[in-house]
Amino acid sequence: MRLIPKEIESLWTLFTAPVVWALHFLASYGAFSVYCAKAGVAGFSFDTLRIVLATVTIVALAVIVMAAWLAWRQWGFGVHDPPHDEPTHHARTLFQGFATLLLSGLSFTAVLYGALPLIFIEGCQR
């Protein structure tokens, strides 16, 4: 029994990881910029914002890992080597799974680099 049905593997899975990365980027930098622009108005500390964004980062990474797992499953768990350039439905499905897996890796790295300011920035600078 599959936890996630195979029908979910469509062209939309190709865009899942980059969309999660973009949303994480917007949430992180948007939250920092609004918090620093409205310094003193927010009813919480900078450390609270940092903890919330760390949680958002963990959720984003978990979603990307799930998308990568779906892509790996779609690719056949790495059994079929690229290139998948034959004009068949099977080759197209394998290519889509491989491309999704690569995009998931890129998005995972981008989310990690986008979250680095959470570690190094100690507060808003004026």
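The values are calculated or read from the model by the stated rules, or taken from the named source; none is laboratory data. All values derive from a computational prediction rather than experimental measurement. Glycine gets a Cβ as well: all are built from the backbone with ideal geometry, and neighbour counts include every protein chain shown. Ligands, DNA and RNA are stripped out before the accessible areas are found, and what is left, the full protein with its side chains, is counted by its heavy atoms. Shrake-Rupley method; radii C 1.70, N 1.55, O 1.52, S 1.80 Å.
Computed from Cα positions, the angle between helix 11-37 and the longest principal axis of the chain comes to roughly 10 degrees.
Were the residues from Glu122 through Val79 laid out at 0.36 nm apart, the gain over their Cα-Cα distance would be 10.8 nm.
The sum of -39500 (n - 2.57) across all DSSP H runs of n ≥ 4, divided by the residue count of the chain, sets its helix-only mean residue ellipticity at 222 nm to -24000 deg cm²/dmol. With the cut-off at under 18 Å, measuring from each backbone N in the stretch 60-79 to a point 7 Å along the Cα-to-Cβ line of Phe15 picks out 64, 67-68, 71. Counted residue by residue at 0.36 nm each, then reduced by the alpha carbon distance between them, the extension gain from Leu26 to Tyr113 reaches 30.0 nm. Protein heavy-atom accessible surface, 1.4 Å probe, per residue over the stretch 1-119: 63 Å². Counting only Cβ charges, +1 for Lys and Arg and -1 for Asp and Glu, the dipole size of the chain around its Cα centre is about 360 debye. Between the Cα long axis of helix 46-74 and the first principal axis of the chain there is an angle of about 0°, rounded to the nearest 10.
Dividing the Cα radius of gyration of the stretch 54-126 by its Kirkwood radius returns 1.21 for Rg/Rh.
Considering only Gly123, Leu102, Pro18, and ranking their Cα positions along the charge dipole of the chain that arises from unit charges at the beta-carbon of Lys, Arg, Asp and Glu, the one farthest toward the positive end is Gly123.
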